[in-house]
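Chemist: To start, I am sharing the structure in question, which I have written as structure tokens.
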Amino acid sequence: MRTLRRRLHMAECIIEKHTDADGLSELEEKQRIIDEAPFARLKIKDTNWLGLVEFRRKCDFCQRSRKFFCYTCYHPVIPCSYFPRVKLPIKIDIIKHSREIDGKSTAVHAAILAPEDVKIYTYPDFPEILNKEETVLVFPSKDSARNMSVEDLFIREGRKCDASEERTVFPIKRAIFIDSTWQQTKSIYKDQRLRELRCVILKSRISQFWRHQKKSPRWYLATIEAIHQFLVELHTCALGVEEDYDKFDGSMESEKSEEFSDEHSVTNNEEIMQKYNGQYDNLLYFFKYMYEKIHSIYNHNRLQAYRRPLA
């Protein structure tokens, strides 16, 4: 009887590791379903326009040959009618490690799609931090006591995050991101100017980035994914989520969209002050296109990036 009880206790302890007939845990099975259509519930404009770009062009600044944008000068080489633009509620500064390969970084996506609100610096170049209380570093501190969630930003301001209560002011005006491999971040994070900032950690989200990083789980996000996640959390905490947003099924791409114009492609200030309804989803416009391009060539399950542990 004692042995039986011990076995039952052991069974209860490992229930979270339950696997199905295919040998997948519940978490893995759930993620497998998401991986079949990872952008289905995001309101991203039709990326088929990028497929119409046949030739490479020279960048106006460096004269290098590029396809969609120059990842060295952070400047588009195709007409603006090929991609949307996004207005952000705060300013975003990205500090890039000097050894980070420009062509492999997704940080440039943010600079192209939200040029009024995003600026990229190559370390030791550094953004000017005028007000530390209005600026946060989106990066996990080794000192857990310094880490805070996006919701904590509102509590710190004396306002509880409440989706039912509309707000007109975001608790911060600037967020800083580090763009590098996790092994390279240490040299940047040691900078005293960053050490003086509050550190914000994001809710768990599984990355869809196709580039593999050694010794990193799948919840290590690409830079553009992290920016999108942060802005969604910030916005929903301040203003809530539109009820129908979670029911979106990706039908935005069911029909060929018209060319992007300044009038229709830029998220405006009025939209920013409404409940979240995909206002920043277009930050993943280039990311989605490249993801689908990669997956048209390679099998998802064979790419190392998607075989990393989920936790």
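Chemist: Exactly one condition in (1) in a helix (DSSP H, G or I); (2) open to solvent by 20 Å² or more (accessible area, probe 1.4 Å); (3) under 20 Å from V108 (Cα atoms); (4) not small (G, A, S) is false for Q63; which is it?
Modeler: Among (1) in a helix (DSSP H, G or I); (2) open to solvent by 20 Å² or more (accessible area, probe 1.4 Å); (3) under 20 Å from V108 (Cα atoms); (4) not small (G, A, S), the lone unmet condition for Q63 is (1).
Chemist: Does K87 qualify as being open to solvent by 40 Å² or more (accessible area, probe 1.4 Å), among the basic types (K, R) and modelled with pLDDT of 95 or more? Working first, answer last.
Modeler: Numbers: open to solvent by 40 Å² or more (accessible area, probe 1.4 Å): yes; among the basic types (K, R): yes; modelled with pLDDT of 95 or more: yes.
Taking the combined requirement at face value, the residue satisfies it.
Chemist: Got a number for residues in the range 283-301 being closer than 27 Å to K67 by Cα, in a helix (DSSP H, G or I) and open to solvent by 20 Å² or more (accessible area, probe 1.4 Å)? Give the steps one after another, and end with the answer.
Modeler: As a first pass, look at the range 283-301 and keep what is closer than 27 Å to K67 by Cα: 283-300.
Imposing the further condition that a residue be in a helix (DSSP H, G or I) reduces the set to 283-295, 300.
Imposing the further condition that a residue be open to solvent by 20 Å² or more (accessible area, probe 1.4 Å) reduces the set to 289-290, 292-295, 300.
Matching residues across the range 283-301 total 7.
Chemist: Something else now. Would you pick out the residues in the range 276-290 that are within 15 Å of the chain's Cα centre (by Cα) and over 17 Å from L113 (Cα atoms)?
Modeler: Of the range 276-290, the ones within 15 Å of the chain's Cα centre (by Cα) are 278-290.
Within the range 276-290, none qualify.
Chemist: A further question on this structure: Would a scan of the range 38-47 turn up a residue that is surrounded by 14 or more Cβ atoms within 10 Å (Cβ to Cβ), modelled with pLDDT of 80 or more, touching a Ser or Thr at 6+ places or on another chain (Cβ under 9 Å) and in a strand (DSSP E or B)? Walk me through how you get there before you give the answer.
Modeler: First, the residues of the range 38-47 that are surrounded by 14 or more Cβ atoms within 10 Å (Cβ to Cβ): 38-39, 41-47.
Among the residues that remain, those that are also modelled with pLDDT of 80 or more are: 38-39, 41-47.
So of that shortlist, the ones also touching a Ser or Thr at 6+ places or on another chain (Cβ under 9 Å) come out as 45-46.
When the remaining residues are screened for being in a strand (DSSP E or B), the result is none.
No, the conditions are met nowhere in the range 38-47.
Chemist: Please specify each residue of the range 132-174 satisfying the condition of being modelled with pLDDT under 70 and out of contact with any helix residue (DSSP H, G or I) (no Cβ under 7 Å at 6 or more places or on another chain).
Modeler: From the range 132-174, those modelled with pLDDT under 70 are 156-168; that's our starting set.
Listed by number, the residues that qualify are R156, E157, G158, R159, D162, S164, E165, T168.
Chemist: Then there's this: Can you list residue pairs whose Cβ atoms sit under 7 Å apart, with the first residue in the range 184-204 being touching a residue at least 24 places away in the same chain (Cβ under 8 Å) and the second being assigned to a helix (DSSP H, G or I) and small (G, A, S)? Count only pairs 6 or more apart in sequence or on different chains.
Modeler: L202/A226
Chemist: Taking only pairs six or more apart or across chains, which ones have beta-carbon atoms under 7 Å, a first residue in the range 38-55 that is touching a residue at least 40 places away in the same chain (Cβ under 8 Å), and a second residue that is open to solvent by 40 Å² or more (accessible area, probe 1.4 Å) and aromatic (F, W, Y)?
Modeler: W49/Y82; L50/Y82
Chemist: Limited to the range 90-120, what total is found for residues that are open to solvent by 40 Å² or more (accessible area, probe 1.4 Å) and either modelled with pLDDT of 95 or more or touching a His at 6+ places or on another chain (Cβ under 6 Å) (or both)?
Modeler: 4
The values are calculated or read from the model by the stated rules, or taken from the named source; none is laboratory data. Only a predicted model underlies this, so the values are computations on that prediction, with no experimental measurement involved. Note: ideal-geometry Cβ built from the backbone for every residue, glycine included; neighbour counts use all protein chains shown. When the accessible area is computed, the model is the full protein with side chains, heavy atoms only, and any ligands, DNA or RNA have been set aside. Shrake-Rupley method; radii C 1.70, N 1.55, O 1.52, S 1.80 Å.
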